[in-house]
1. Could you figure out which of (1) touching a Pro at 6+ places or on another chain (Cβ under 8 Å); (2) assigned to a helix (DSSP H, G or I) isn't true of E27?
2. Contact list please: Cβ distance under 6 Å, first residue in segment 61-75 and part of a helix (DSSP H, G or I), second residue modelled with pLDDT of 95 or more and not acidic (D, E), pairs at least six apart or on different chains.
3. Quick check, is T40 in contact with a helix residue (DSSP H, G or I) (Cβ under 8 Å, 6 or more places away or on another chain), modelled with pLDDT of 95 or more and among the polar types (S, T, N, Q)?
Amino acid sequence: MDINAIDNNKRTPLHLAIVFGHIPKAERLLQVQNIDVNVTDTNHRTPLHWGAKRGYPTIVKEILDKHEVDINGKDKDGCAPLH
């Protein structure tokens, strides 16, 4: 399985785990070596955007601490992940 595969909304399994509140799954996905945390969906949101938007501080911290991530990338509304 491609860990960075996208669906019709350009969301990866990591996006989906965060959007739908499956935090233990998201935490496991973040341990995968080649996970891409900078993939943007059709709203131009990364998993970091969604973690912040949904209020999951452990996910936000995990992404920021252990992955190279664009913290200034803006979504379709012009908001950065930590806006």
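The values are calculated or read from the model by the stated rules, or taken from the named source; none is laboratory data. On a predicted model such as this, the values are computed, not experimentally measured, just so you know. When we count neighbours, we look across all protein chains shown, and the Cβ atoms used for this are built from the backbone with ideal geometry, even at glycine.
1. (1)
2. Hits for this filter: E62/L30; I63/V37; I63/L48.
3. Values: in contact with a helix residue (DSSP H, G or I) (Cβ under 8 Å, 6 or more places away or on another chain): no; modelled with pLDDT of 95 or more: yes; among the polar types (S, T, N, Q): yes.
Taking the combined requirement at face value, the residue does not satisfy it.
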